[in-house]
Amino acid sequence: MAEDILRQVSKGTHTYSKYVKPSELVQFFRDYRSPLPQKDGSSPSLGRPWISVPAANNYLPRLEAELHGMIYNPLQARWHLAPRDAWGALECNYLFWIRKPQE
């Protein structure tokens, strides 16, 4: 829409193959474990995952990570932060943060 209809960005700016879905980021940090350095110089062991496994409904623990959609209103020329459970808000523009676990 930003390229073809609103003409706010140059054509070709959005390449779907380069788009990172929020679910891919969440899954990456559920699987990723930081290497823990060993004091004796041996090979590092792996710490705990950065995001714990959710109880239900793809919930992210707020102390570990947060994911919010951004919605642009062209009539107001403003961006709005969507509620956590807003339908479709994570399909295009989103903000994601994560906290590295303390080991």
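The values are calculated or read from the model by the stated rules, or taken from the named source; none is laboratory data. Worth saying up front: this structure is predicted, and the values here are computed from it rather than measured. Cβ placement follows ideal geometry from the backbone for every residue including glycine, while neighbour counts extend to all protein chains displayed.
Of all residues in the range 84-91, none are modelled with pLDDT under 80 and outside any loop (DSSP other than H, G, I, E, B).
Inspect the range 14-24 for any residue being more than 17 Å from ASN93 (Cα to Cα) and not charged (D, E, K, R) and give the result as yes or no. For the range 14-24, residues more than 17 Å from ASN93 (Cα to Cα) and not charged (D, E, K, R): absent. Specify the residue that is nearest to LEU81 (Cα to Cα); the eligible residues are those in the range 22-66 that are touching a residue at least 24 places away in the same chain (Cβ under 8 Å) and in a loop (DSSP other than H, G, I, E, B). Across the range 22-66, the extreme among qualifying residues is LEU60. Being over 30 Å from VAL9 (Cβ atoms), surrounded by 14 or more Cβ atoms within 10 Å (Cβ to Cβ) and either in contact with a Cys (Cβ under 8 Å, 6 or more places away or on another chain) or of a type outside the set (A, V, I, L, M) (or both) is a description that does not apply to ARG48.
Report whether or not GLY69 is in contact (Cβ under 8 Å) with a residue 12 or more places away in the chain and within 17 Å of CYS92 (Cα to Cα). Yes, satisfied. Being of a type outside the set (Asp, Glu), touching a strand residue (DSSP E or B) at 6+ places or on another chain (Cβ under 6 Å) and at pLDDT 85 or above is a description that applies to LEU25.
Within the range 51-77, if we keep just the residues that are closer than 20 Å to GLU3 by Cβ and surrounded by fewer than 13 Cβ atoms within 10 Å (Cβ to Cβ), the residue that is modelled with the lowest pLDDT turns out to be PRO74.
Within the range 1-42, the set of residues being surrounded by 11 or more Cβ atoms within 10 Å (Cβ to Cβ) and basic (Lys, Arg) comprises LYS21, ARG30, ARG33. Only one of the numbered conditions (1) under 30 Å from ASP4 (Cα atoms); (2) more than 13 Å from the chain's Cα centre (by Cα); (3) of a type in the set (Asp, Glu) is violated by GLU24, and that is (2).
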